[in-house]
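*Asks:* One structure, as structure tokens, below. Some questions next.
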Amino acid sequence: MKLSDFDFDLPDALIATRPATPRTSARLLVASGDRITDAQVHDLGTYLRAGDLLVLNDTKVIPARLSGTRKRDSAQGQTKARIEVTLLEPAADGTWSALIKPLKKVRIGERIEFPLGLTATLTGTGDGQGQLQFNLSGDDFDHALAAAGAMPLPPYIAAKRPADERDKTDYQTVFARNAGAVAAPTASLHFDQALLAQLQDMGVRLTYVTLHVGAGTFLPVKVDDVTTHKMHAEWGQVSAEAAAAIAQTKAAGGRVIPVGTTALRLIESAARETGSVAQWQGDTDIFIYPGFVFRVTDALMTNFHLPRSTLMMLVSALMGQDRIARIYEHAISQRYRFFSYGDSSLLIP
């Protein structure tokens, strides 16, 4: 299974840099059997039925991108360097792993100064990342980060424009509550409270899981034989309540439909050992590519993904490679908008 099997040509003009407004006005490609239907997200209820269960990822994106200054005194006077930091993950000792650019401009023990009195000291490096100790912690740190940080937009958007205040709302789901992600569960960005209420009124159930999406979700696959690719790990949790909702839906003959590849990867991780979902917590590096046996997922709502990415491999595993190729050909010919701020699809095997 070669990386080139998951490649396709995507016109640059189809990469969305802003979301549809309102959220539910985004387009929705519905693929069921051999049929492809063009709809909009606010039509989602037409394609669901009472007894279905939507599994939503309630992770909350932190404004993890910081721009600061490293100051250094020398015999020639004080020198300054502009430093860009993207926070990745907190450690048990309170430090943060981070992408630091340029990392070579900061020495161990040196301090980076950010706006509003927030500072960080470099305490270590490794694997192209740095460890930062901030001068604030707890709520004080959260408040300072909210004021000084910017949303960590994906590279393909950040290359076209900087993050702004709009992104603090646009790049967050309406049900986000557990802070820790540095990328959004983007399929869920299409929901507003009115749509959630409408679906519940028609008998569709909702349950929530948490997977803190990491920056590794954007890492390219660098091996030609995709089966040898090593996935990044992300922390997730399936509560007893969510596990029970999934079990009840299965027992009643309803469909379990994760919203987004993050929710799908999490519930399939939780079902690996026994074949059914139980309460679960931990790091998952599950890699889903064609040949994978799905234990829980009956359908998937997801955006349109990068060529040659692990997410293209995941949807190919769910729908079949030939079928996904036809779906993406249709999406491109019909000018669907791609990636994090783009349109959505409902994939029903």
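The values are calculated or read from the model by the stated rules, or taken from the named source; none is laboratory data. From a predicted model like this one, the values you see are computed outputs, not experimental measurements. Neighbour counts are summed over all protein chains in view; Cβ atoms, including those assigned to glycine, are modelled from backbone coordinates with ideal geometry. The protein model used for the area step is the full one, side chains on, heavy atoms only, and it has no ligands, DNA or RNA in it. Shrake-Rupley method; radii C 1.70, N 1.55, O 1.52, S 1.80 Å.
*Asks:* Is it true that some residue in segment 149-157 is loosely packed, with under 13 Cβ neighbours inside 10 Å, at positive phi and either touching a strand residue (DSSP E or B) at 6+ places or on another chain (Cβ under 6 Å) or part of a helix (DSSP H, G or I) (or both)?
*Replies:* No, segment 149-157 contains no residue that is loosely packed, with under 13 Cβ neighbours inside 10 Å, at positive phi and either touching a strand residue (DSSP E or B) at 6+ places or on another chain (Cβ under 6 Å) or part of a helix (DSSP H, G or I) (or both).
*Asks:* Here is a further query. If we scan segment 263-273, do we find a residue that is out of contact with any Phe, Trp or Tyr (no Cβ under 7 Å at 6 or more places or on another chain), more than 20 Å from Ala184 (Cα to Cα) and in contact (Cβ under 8 Å) with a residue 40 or more places away in the chain?
*Replies:* Scanning segment 263-273, I find no residue that is out of contact with any Phe, Trp or Tyr (no Cβ under 7 Å at 6 or more places or on another chain), more than 20 Å from Ala184 (Cα to Cα) and in contact (Cβ under 8 Å) with a residue 40 or more places away in the chain, so the answer is no.
*Asks:* Could you tell me whether segment 202-213 includes any residue that is over 23 Å from the mean Cα position of the chain (by Cα) and open to solvent by less than 10 Å² (accessible area, probe 1.4 Å)?
*Replies:* Checking segment 202-213: at least one residue is over 23 Å from the mean Cα position of the chain (by Cα) and open to solvent by less than 10 Å² (accessible area, probe 1.4 Å).
*Asks:* Moving on. Among what's in segment 169-180 and is farther than 15 Å from Leu54 by Cβ and modelled with pLDDT of 95 or more, pick the residue that is least open to solvent (accessible area, probe 1.4 Å).
*Replies:* Among those that are farther than 15 Å from Leu54 by Cβ and modelled with pLDDT of 95 or more, it is Tyr171.
*Asks:* Continuing with the same structure: Contact list please: Cβ distance under 6 Å, first residue in segment 231-243 and more than 8 Å from Thr210 (Cα to Cα), second residue in a helix (DSSP H, G or I), pairs at least six apart or on different chains.
*Replies:* So the pair list comes out as His232/Gly216.
*Asks:* Now for a different question. Answer yes if at least one residue in segment 270-283 is open to solvent by less than 10 Å² (accessible area, probe 1.4 Å) and not small (Gly, Ala, Ser), and no otherwise.
*Replies:* The answer is no; no qualifying residue exists.
*Asks:* Separate question: Which residues, counting only those in segment 79-116, are on the phi > 0 side of the Ramachandran plot and part of a loop (DSSP other than H, G, I, E, B)? Give the derivation first.
*Replies:* Going residue by residue through segment 79-116, those that are on the phi > 0 side of the Ramachandran plot are 94, 109, 116.
Result: Gly94, Gly109.
*Asks:* Could you list, in sequence order, all residues of segment 117-144 that are open to solvent by 60 Å² or more (accessible area, probe 1.4 Å), out of contact with any strand residue (DSSP E or B) (no Cβ under 9 Å at 6 or more places or on another chain) and in a helix (DSSP H, G or I)?
*Replies:* Correct list: Asp139, Asp140, His143.
*Asks:* Can you tell me which residue is farthest from Gly203 (Cα to Cα) among those in segment 222-259 that are touching a helix residue (DSSP H, G or I) at 6+ places or on another chain (Cβ under 6 Å) and assigned to a loop (DSSP other than H, G, I, E, B)?
*Replies:* Taking the candidates together, the pick is Asp224.
*Asks:* Only one of these conditions is not met by Arg35: (1) free of Cβ contacts under 8 Å to residues at least 60 places away in the same chain; (2) farther than 30 Å from Val256 by Cα. Which number is it?
*Replies:* (2)
*Asks:* In addition: If Phe339 meets every condition in (1) under 20 Å from Thr217 (Cβ atoms); (2) surrounded by 22 or more Cβ atoms within 10 Å (Cβ to Cβ) apart from one, which number is that one?
*Replies:* (2)
*Asks:* Another question, then. If we keep just the residues of segment 208-220 that are at pLDDT below 90 and of a type in the set (A, V, I, L, M), which is nearest to Gly260 (Cα to Cα)?
*Replies:* Start the filter on segment 208-220 by keeping residues that are at pLDDT below 90, which leaves 214-220.
Those still in the list that are of a type in the set (A, V, I, L, M) too: 215, 219.
Details: Ala215: 16, Leu219: 18 Å.
Taking the candidates together, the pick is Ala215.
*Asks:* If you go through segment 7-47, how many residues are of a type in the set (Lys, Arg) and farther than 24 Å from Asp170 by Cβ?
*Replies:* 1
*Asks:* Filter segment 51-78 for residues that are over 18 Å from Pro185 (Cα atoms), part of a loop (DSSP other than H, G, I, E, B) and not acidic (Asp, Glu) and give the result. Break it down into steps so the answer makes sense when it comes.
*Replies:* Residues of segment 51-78 over 18 Å from Pro185 (Cα atoms): 51-52, 66-78.
Going one step further and asking which of them are part of a loop (DSSP other than H, G, I, E, B), we end up with 51-52, 75-76.
Answer for segment 51-78, where residues must be over 18 Å from Pro185 (Cα atoms), part of a loop (DSSP other than H, G, I, E, B) and not acidic (Asp, Glu): Gly51, Ala75, Gln76.
*Asks:* Among the residues of segment 81-116, what is the count of those that are more than 26 Å from the chain's Cα centre (by Cα), open to solvent by 50 Å² or more (accessible area, probe 1.4 Å) and under 18 Å from Arg65 (Cβ atoms)?
*Replies:* 5
*Asks:* Still on this structure: With the checklist (1) over 30 Å from Asp322 (Cβ atoms); (2) of a type outside the set (Gly, Ala, Ser); (3) surrounded by 14 or more Cβ atoms within 10 Å (Cβ to Cβ) in hand, flag the one item Leu53 doesn't pass.
*Replies:* (1)
*Asks:* Quick one: would you say Arg70 is without any contact (Cβ under 8 Å) to a residue 60 or more places away in the chain, in contact with a helix residue (DSSP H, G or I) (Cβ under 8 Å, 6 or more places away or on another chain) and charged (D, E, K, R)?
*Replies:* Yes.
*Asks:* Take the residues in segment 22-50 that are out of contact with any helix residue (DSSP H, G or I) (no Cβ under 9 Å at 6 or more places or on another chain) and assigned to a loop (DSSP other than H, G, I, E, B); name whichever of them is surrounded by the most Cβ atoms within 10 Å (Cβ to Cβ).
*Replies:* Arg49
*Asks:* Within segment 26-42, is there a residue that is farther than 19 Å from His330 by Cβ and small (Gly, Ala, Ser)?
*Replies:* Checked segment 26-42: no residue is farther than 19 Å from His330 by Cβ and small (Gly, Ala, Ser).
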